[in-house]
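Worksheet: one structure, shown below.
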Amino acid sequence: MRVLVLTALIVAAAAQNHFFRLPQPYSYSCSQNRCNRVARTEVSQHNTRESCQLTCGEYGSIMPQPTGETQLGNEVFNFDPYNMRVTKIATSNPRLAEMLEEAYRYFMRNLHFNHPDFPENLKTPYTDEMRELFEEERDSQFRFRNNIRDRNVFSDFQRRPQTFEDSARPSESFNRFRNENPANELPSQQPNTFEEWERYSPFRNQRYNAQTERHMVNMEFTVTSPEERFSFEDTDESYNMVIQTLDDETTVTILATSFFGARHALETLSQMIAYDTENESLMMVRDARVQDQPQYRYRGLMLDTGRNFYTKSEIMSLIDSMSQNKMNAFHWHITDSASFPMYSNRQPQMAYYGAYSPRKVYHPQDISEIVQYGRLRGVMVIPELDAPAHTNAGWTWGEREGRGKLVLCSSNEQTELPWFELGKEPPSGQLNPVNPEVYSVLGELYRDMVDYFDPEMFHMGGDDVSFKCWQNSAEIKNYLAENKREPSSREYFELWNTFQNNAYSKLREAAGERRITPIFHSSSFARNYLDKETYVVMMNEEANDTAALDYVRNGFRVIFTNPDQWRLDCASNSWVGDKADSCPQFTPTWRNFYENSPLDMLYNLGMTEASSNLPENRPTYRPSGQLRTEIPSPRDMIFGGSASMWSYGTDGNSIQSKAWPRLSAFAERLWTDPLHNSLNEFDPPERRLNIHRERMVQRGIRADPLQPEICLQDQNACYDRQQYELRSALPTQ
């Protein structure tokens, strides 16, 4: 009877907590850069899996792998996240302190998300609306901001603009506030402020042992450059970080040239912290030193929102996940022939006729908020207005308002040819290069987009132009006849060149005094007509295509975006036309994303000076102010790379699982540029990639699993033949 009663009590307790609280039967030790799982009864000193993962191997669980000197201690300590505070900021620009405040708040948000009981529905982006509502409630009794010690440190910056220190410990009132809500009290709806995320954090009601309770973590920032804006040409994203622990106090010192480097350092720090399931607290590597900088300046993702719409929150969540992987370029393919979802103040007809619905529109405030949200997370938004092809929706109102045909070969135009004769997918359509009104409308759209995005780079499209469309257009035929020009490929190229020159002229007018670098898709037109000193070319060819060699040797700056290795959307495609047929025959895996090295590609094509076999040959670009040599090296011509997510069969419901963790492998390729044989090293990247994927899931990113969970639970269980042979050749530790 007693056994039955005891069993009933255990079951009741388990039902209340939704799981059985069982002791962990295993302990972990690091050997040959892997965490070995053994029975707990067989070891004298117990280590959890999480603590082993933080300290095992040269890089622990850091992703992407740092490029400079990295030293990780083999011990961790437990701490209360509310005992973490900013005690020093050194910068000459007050605005940078505000930016660091936001980066630190985001860092703290992710720390709270580490708790396994944090409500999943609260892991949402922190929007401007939430900030405004918080400010309206600033005098409310629930204003969490007043009780956070590091918040006072940041606000004091306005009075002490250079360097300051604050050694005060959390107040008693702060600790009392933590205990006001019962542990099982959860909100009935999503929080309205960032502080409410912390308010409902399970850490608020956590109880710790005395050692954990008294351990303090101090954060010190030094940012030497006053720059607030990111520049792909000049911004230094490097950082140095040191973690030092003495008794019950740990100091994290971050030194960076720019805010963006300091933000990357915070991301790395978050990857040196994990939740300790046994002590139910956070733990951090006790002592460490990391020197780091990216090897490519442009580490991007292209998202197509013209074929399927994504909400602002979904885009912000994507930017969050990009920042967690130190990616820095969000290429927003905002319009296409299917829809025109961007509201234009100067040309409102575009969204009126081109959006899928009034609810599926990006208004100026939405765009500006996304741009600012990305900038504070080290992700620059690069807009694209594709032209002259991939246009239809939103452009069909011209004749109705007396401005002639703005778009040719559209689905609304009577033609004897079906769409597949005029374009590469339905609906077909491309701008009318001989109608002057087209350039007037483009100029107005460019002015709006420059206002909304305030971009450093602007993608002007330039792919999939159909000469057959122009060949079958009565207006083009008449124009060529009136100007005594033959309807030939040469003339169509000249017509395209006229269009592009006029379009770029309008973009420059819209930019005013701002310097904007245009990006253009690779093509025979780009190679023969574009000014290499003006444009950056986005390489759409497959890996090892000789076109890449031609562009670089001819002095073009390039961004690689090989569709057979770095395309995310072709996992299950049922679209029609040439665009669907261009999907790779196989779905690129994380290994494809990881192994595809731009420099190795050029080397394999015969450019021996592009070899990346040795660390000193990595393409680390020169810091700002250093003069270029007369003959640029291949490394100087490669801006970086971009993965692509075309939305033929993707929307906000599936984007995260299709993107991650493959994009994490891509991010390490461009941040670290690991040597070509790193997949077969005795410490292969999938060990860290597995851990990083789990970390992203804890932060609310719905990333696909990389392997069965046993590979995370027991890192010795999963290896291939080559890795086994490499490990067998290592001396016994």
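The values are calculated or read from the model by the stated rules, or taken from the named source; none is laboratory data. Predicted model only: the values in this text are computed from it and were never measured. Backbone-built Cβ (ideal geometry, glycine too); neighbour counts: all protein chains shown. All accessible areas refer to the heavy atoms of the entire protein, side chains included, with ligands and DNA or RNA removed. Shrake-Rupley method; radii C 1.70, N 1.55, O 1.52, S 1.80 Å.
Normalised by the number of residues in segment 329-443, the mean separation of alpha-carbon contacts (under 8 Å, six or more apart) gives a relative contact order of 27 percent.
About its Cα centre, segment 324-410 has a charge dipole of approximately 140 debye under the convention of +1 per Lys or Arg Cβ and -1 per Asp or Glu Cβ, with nothing else charged. Each residue of segment 304-315 was assigned a 3J(HN,Hα) from its phi angle through the Karplus curve 6.51 cos²θ - 1.76 cosθ + 1.60 (θ = phi - 60°); the sequence is 9, 10, x, 8, 10, 8, 10, 6, 4, 4, 5, 5 Hz, with glycine and proline shown as x.
Between residue 360 and residue 716, the simple spin-label model (points 7 angstrom out along Cα→Cβ) gives 5.4 nm. Please report the carbon-and-sulfur percent of the accessible area for segment 460-596; probe 1.4 Å, protein heavy atoms only, DNA, RNA and ligands left out. It is 40 percent, rounded to a whole number. In plain terms, the chain from residue 287 to residue 120 could stretch by 56.9 nm, reckoned as 0.36 nm per residue minus the Cα-Cα distance.
Counting only Cβ charges, +1 for Lys and Arg and -1 for Asp and Glu, the dipole size of segment 421-541 around its Cα centre is about 340 debye. Size of segment 211-361: Rg and Dmax of its alpha carbons, in Å, are 21.2, 66. Taking a threshold of 26 Å on the Cα-Cα distance, which of the pairs 506/658; 405/506; 123/326 fall above it? Table pairs above 26 Å Cα-Cα are 506/658. Compared with the direct C-alpha span, the chain from residue 486 to residue 437 gains 15.2 nm at full extension, assuming 0.36 nm per residue. With both labels modelled 7 Å from their Cα along Cα-to-Cβ, the residue 277 to residue 709 distance reads 0.8 nm. Within the straight-line cut-off of under 22 Å between alpha carbons, the lysines reachable from residue 360 are 312, sequence neighbours fewer than 8 places apart in one chain being disregarded. Dipole orientation for segment 17-100: of the candidates 92, 23, 64, 23 has the Cα lying most toward the positive pole (charges on Cβ; Lys, Arg +1; Asp, Glu -1). Label separation (residue 211 vs residue 554): 6.6 nm, computed from points 7 Å beyond Cα along the C-beta direction.
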